[in-house]
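S.K.: The structure's right below; bear with me while I get my questions together.
What follows draws every value from the coordinates through simple rules; no lab data is involved. As the structure is a computational prediction, the values presented were derived from the model and not from experiment. All Cβ positions, glycine included, derive from the backbone under ideal geometry; neighbour counts span all protein chains shown.
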Amino acid sequence: MKEKDEIRRLFLPRRRTLGRDFIGRAGVAISVHLGKIRKIDESGRIAAFYPSDGEPDITGFLKEQIIKGKEVCFPRSSRAEKCYEMAFVADFENDFKLGDFRIMEPLEGIPPVPADVLENISWLVPGVAFDFNGGRLGHGKGIFDRLLKGTSGIKIGICYDWQIVDAVPAGADDIKMDFIVTESGTRVCT
């Protein structure tokens, strides 16, 4: 746990101070690489994240996927269930509100995605740090690890090159990524 906290302590402030130009250019490059992944192209549904605190901005790619007719869902806090759920969004301008942790979430009136739909969906997952063995370090709340538990769809970590480390400290509940996509390319995890 100490190692995870140390990586967060070093990486989160750096990510939060990134300039908009860098975030935009990196997001475009990441989006180009995502567009070349056959499994995403063949998938009719994508689970994604709304970028915050300097995370790579792939919203252009996600909007394009919606225009192509794909369903794209995002995490949302469910206070009634005391957990996170996913909800499909069709309109980036009108289907979001500011939610917990100051992150944009789908509106409450949008129905949650059933668990069986999430089992075999393509996942685009943010993180604080990743390694090429598929290790992912999140913010420490376990939100994506719980959402990903029991899913068989492709899991793609989205980050900047500088967020790659030799080895992410892993726990029993940490879910591995199948691919890592950064501004410089796509790596298959071993």
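S.K.: Since CYS159 meets every condition but one in (1) over 30 Å from GLU6 (Cβ atoms); (2) in contact with a strand residue (DSSP E or B) (Cβ under 8 Å, 6 or more places away or on another chain); (3) surrounded by 12 or more Cβ atoms within 10 Å (Cβ to Cβ), which condition does it not meet?
M.R.: Only one criterion in (1) over 30 Å from GLU6 (Cβ atoms); (2) in contact with a strand residue (DSSP E or B) (Cβ under 8 Å, 6 or more places away or on another chain); (3) surrounded by 12 or more Cβ atoms within 10 Å (Cβ to Cβ) is unmet by CYS159, namely (1).
S.K.: Right, next: Scanning the stretch 97-121 for residues that are of a type in the set (Asp, Glu) and in a loop (DSSP other than H, G, I, E, B), which turns out surrounded by the fewest Cβ atoms within 10 Å (Cβ to Cβ)?
M.R.: Ranking the candidates gives GLU119 first.
S.K.: In the stretch 140-151, which residue that is in a loop (DSSP other than H, G, I, E, B) and surrounded by 15 or more Cβ atoms within 10 Å (Cβ to Cβ) is farthest from the chain's Cα centre (by Cα)?
M.R.: The qualifying residue farthest from the chain's Cα centre (by Cα) is THR151.
S.K.: Taking only pairs six or more apart or across chains, which ones have beta-carbon atoms under 7 Å, a first residue in the stretch 71-96 that is part of a loop (DSSP other than H, G, I, E, B), and a second residue that is not basic (Lys, Arg)?
M.R.: Pairs that qualify, where the first residue is part of a loop (DSSP other than H, G, I, E, B) and the partner is not basic (Lys, Arg), are ALA90/ILE66; PHE92/THR59; ASP95/VAL89; ASP95/PRO106; ASP95/LEU107; ASP95/ILE110.
S.K.: Quick one: GLY60 ticks every box in (1) surrounded by fewer than 17 Cβ atoms within 10 Å (Cβ to Cβ); (2) part of a strand (DSSP E or B) except a single one, so which number is it?
M.R.: Here GLY60 meets the rest and fails (2).
S.K.: Right, here's the next one. Looking at LEU18 and the list (1) assigned to a helix (DSSP H, G or I); (2) more than 25 Å from ILE110 (Cβ to Cβ); (3) not polar (S, T, N, Q), which single condition is not satisfied?
M.R.: (1)
S.K.: Under the condition of being among the acidic types (Asp, Glu) and either farther than 22 Å from ILE40 by Cα or over 17 Å from the mean Cα position of the chain (by Cα) (or both), which residue from the stretch 162-190 is surrounded by the most Cβ atoms within 10 Å (Cβ to Cβ)?
M.R.: This residue is ASP174.
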